[in-house]
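Below is one structure, written out as structure tokens; the observations come after it.
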Amino acid sequence: MALAERMFVLQYGAERVSKALSLAGGDPGHLYWEPLVGVLVETSAGWVLFDTGMSRRNHDSVEVERVYRGADAPSAAERWHLRPAAPPDRSTWGLPGEPLVAALAPLGLAPADLALAVVSHLHWDHTGGIPALAGAGVEVVLHADELAWGRSGLARFDAGFDAADWTVPGTRWRTVDVETEVAPGVRVLPTPGHTPGHVSVQVDLPATGTWIFTADATDLAQNLLDAVPCGSCAGGSPEDERRAAASLELLLARARATDARLIPGHDQVVLTAIRHPPGGHR
């Protein structure tokens, strides 16, 4: 089995999200500050990035703020989720400037240093760095069903999709439709349901073993502990909900079979617990 070399866990910012969006049956008035997460992996084929956070444009957007306020029952009592304290009048915060660029900079990297990026799905809290990747000529891996969904006109702005992120001319798309090793020690795992072409990523390291980053197939540790699927399916059909449940079962089974560290996509407690040591996880 091919192995990656080392891995860094990035936080681009955070967003205020109703538990009902993260957990099927969750309380819609229970709000979390959920982190915007990236994973950077060094492989023998170069640096590979998983997910790109939200763009500065959307962090600052009045229209995006209106979508969050409409979805997140702002009159409900807020449950502040660790740090940092976000501005009371905003539903997102992000690193200064373009968050992807800011997250890479402490590691001495820029978008042009990446060999490849994988995007879990097309919600704007995951696609904000695609324009920077396109400008740097970096290939972007996306599930074929997700790209088709984005191009269908069904991915609406008021549901958290911003086509400006993923219609940049010259973006070097590479589509997958089955489990695929995209670099040594980095595998893309199709996990549809939250969106039609959602994917998770498995990283195999020499010392710490297998890690599986679920992205939005499971936002919270509670999804995994209680085997409860995500609370939001963009397709909106019973079939999408069935796929979300099947993807959760696939992830749990894969983690058992590989003795993996299974990391939910938007849990600040878990993210803080797995902060990389100097030099990264190996």
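The values are calculated or read from the model by the stated rules, or taken from the named source; none is laboratory data. What you see is a predicted model, and the numbers here were worked out from it, not measured in a lab. Here the Cβ positions follow ideal geometry from the backbone for every residue, glycine too, while neighbour counts run over all protein chains shown.
Of note:
- Number of residues in segment 3-31 that are within 18 Å of F213 (Cα to Cα) and either of a type in the set (A, V, I, L, M, F, W, C) or crowded, with 22+ Cβ neighbours inside 10 Å (or both) equals 11.
- Identification of strands (runs of 3 or more DSSP E) wholly contained in segment 17-128 with 3 or more residues that are more than 19 Å from D219 (Cβ to Cβ) and modelled with pLDDT of 95 or more yields 31-43, 46-50, 114-118.
- Residue count for segment 226-282, restricted to those that are over 21 Å from A4 (Cβ atoms) and not small (G, A, S): 21.
- Restricted to segment 195-224, and to residues there that are aliphatic (A, V, I, L, M) and part of a helix (DSSP H, G or I), the residue that is nearest to V269 (Cα to Cα) is A221.
- Of the residues making up segment 225-282, just one is outside any loop (DSSP other than H, G, I, E, B), among the hydroxyl-bearing types (S, T, Y) and buried (at least 17 other Cβ atoms within 10 Å of the Cβ), namely S247.
- Inspection of segment 264-277 identifies at least one residue that is at pLDDT below 95 and in contact with a helix residue (DSSP H, G or I) (Cβ under 8 Å, 6 or more places away or on another chain).
- Members of segment 181-224 found to be touching a strand residue (DSSP E or B) at 6+ places or on another chain (Cβ under 6 Å), among the β-branched types (V, I, T) and surrounded by 18 or more Cβ atoms within 10 Å (Cβ to Cβ), listed by number: V182, V186, V188, T191, V199, V201, V203, T210, I212, T214
- Selection from segment 141-164 of residues that are within 18 Å of T52 (Cα to Cα) and among the small types (G, A, S): G150, G160, A163, A164
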